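Report on one structure; see the data block that follows.
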Amino acid sequence: MDPADFHTGIVAELYGPLKSFSQDPNPYAAFIQQVGMPALELGCGDGDPLLELLRRGLDADGVDSSADMLEWLRRRADEQGIRATLFHQRMEALNLPRRYQAIFLAGPTFTLLPDDATALAALRGIRAHLAEGGTALVPLFTPAPTPAEQIGRVRTATATDGAELRVSVVAEQRDESARTQTTLLRYERHHGSDSTIEERPWIMHWYTRDQFEKPATTAGLAVTAVTDPDGKPAPGGPCVRTGQWLRGDRQLRSEPCETELAVSDAGHRAG
């Protein structure tokens, strides 16, 4: 399966009921208010935190590679009376009609890009879609291995039609040199005599703070600051989550370890 198609079908249906938490909208609202609008969320999924940002009156669009996730987002938006402008595109192949003062990813979305080439293409797309003086926030995240006692453990939820929804980790492989972790997940939906069961590989590809700077620079972006998820200066050393700010005349920020970096357009900075 193409990694960009992971959040489709049964995975998209079970995503909302089974997700363990929703992204806090406050850091992203503060980011947008700081750097300006319009804003774009990459990998907006089923609408967290995008819908809350729209509810607060912020000018923000969303893009996602999964048409199924976008459909769930539209349903939620309709239920809440919120108008949302959404695009069905891959992060690494952006071609949107306007440019943005703020571009951001929420949580570990950047790690869903499965390899360095795809990540570089996404960074170039970010650079191309930033308005002059714009800023992008790209959270970076290094996943921890799934504890052995959690392999096979099942999480359950109940759908609105009464169906039992289940998800569990079947197996996991981790390659530290390739910075890749592949978790085989089993999704199940049981309703009376009808059952749907599907297993899918969930690939996460991570970057340390230093490893992230090379593709950012190649994409025409430059790291200008490192902060933690609360926006405070981050300590040095390795981390599990970090945020990085990048600029490309234009700026980008990302989050890999409990820290964030600021980056600016290398050409703009030199001038």
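The values are calculated or read from the model by the stated rules, or taken from the named source; none is laboratory data. Predicted model, so just to flag it, every value in this text is computed and none were measured. So basically every Cβ, Gly included, is an ideal-geometry build from the backbone, and we count neighbours across all protein chains shown. To get the accessible areas, we keep the full protein, side chains included, count just its heavy atoms, and leave off ligands, DNA and RNA. Shrake-Rupley method; radii C 1.70, N 1.55, O 1.52, S 1.80 Å.
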What is the distance in Å between the Cα centroid of the range 169-211 and that of the range 149-168? 15
Leaving out ligands, DNA and RNA, what percent of the accessible area of the range 93-210 is carbon and sulfur, probe 1.4 Å? 50
The answer for the range 10-141, accessible area per residue at 1.4 Å probe in Å², is 40
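Using only the Cα atoms of the range 99-169, build the gyration tensor, take square roots of its eigenvalues as a ≥ b ≥ c, and label the shape rounded, prolate or oblate: rounded if a/c is under 1.5, else prolate if a/b is larger than b/c, else oblate.
prolate
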Would you kindly derive the ³J(HN,Hα) couplings of the range 124-137 from the backbone phi angles with the Karplus curve 6.51 cos²θ - 1.76 cosθ + 1.60 (θ = phi - 60°), listing them in order in whole Hz, with x for Gly and Pro? 5, x, 4, 4, 5, 9, 7, 6, 4, x, x, 9, 10, 10
Leaving out ligands, DNA and RNA, and with a 1.4 Å probe, what % of the accessible surface on the range 37-78 is carbon or sulfur? 43
Among Leu221, Trp202, Leu184, which residue has its Cα positioned farthest towards the positive end of the charge dipole of the range 178-224, with +1 placed on the Cβ of Lys and Arg, -1 on the Cβ of Asp and Glu, and the dipole taken about the Cα centre? Leu221
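Efficiency by 1/(1 + (r/R0)^6): what FRET value for Thr182 and Glu132, r their Cβ-Cβ distance, R0 = 51 Å, to the nearest 0.05? Write out the running numbers ahead of the final one.
Details: r = 40 Å, r/R0 = 0.78.
The computed FRET efficiency comes out at 0.80.
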Taking 0.36 nm per residue of separation and subtracting the Cα-Cα distance, what length does fully extending Asp59 through Asn26 add? 10.4 nm
If packing is taken as the average count of other Cβ atoms within 10 Å, what order do 2-8, 38-44, 76-82 fall into, highest mean first? 38-44, 2-8, 76-82
With the cut-off at 1.5 for a/c, could you classify the range 60-152 from its C-alpha gyration tensor as rounded, prolate or oblate? oblate
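The range 81-123: which trypsin sites (Lys or Arg not before Pro) are DSSP loop and have at most 13 other beta-carbon atoms within 10 angstrom?
Arg83, Arg98
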How much length is gained if the chain between Ile151 and Arg98 is pulled fully straight, taking 0.36 nm per residue apart and subtracting their Cα-Cα distance, in nm to one decimal? 14.7 nm
5 Å is the cut-off here: which amide hydrogens, built 1.01 Å from N in the peptide plane, fall below it relative to Phe87, excluding neighbours closer than 5 in sequence? Gly62, Val63, Asp64
Net charge of Cβ neighbours under 11 Å - reference Pro147; Lys, Arg +1; Asp, Glu -1: -1
Between Asp175 and Asp115, what is the label-to-label distance in nm when each label sits 7 Å out along the Cα-to-Cβ direction? 0.9
Taking amide hydrogens as modeled 1.01 Å from N in the peptide plane, which residues meet the under 5 Å criterion relative to Ala136, leaving out close sequence neighbours? Ile103, Leu246, Gln251, Leu252, Arg253
Work out, step by step, the length gained on full extension between His190 and Arg74: first 0.36 nm times the residue separation, then minus their alpha carbon distance; give nm to one decimal. 39.2 nm
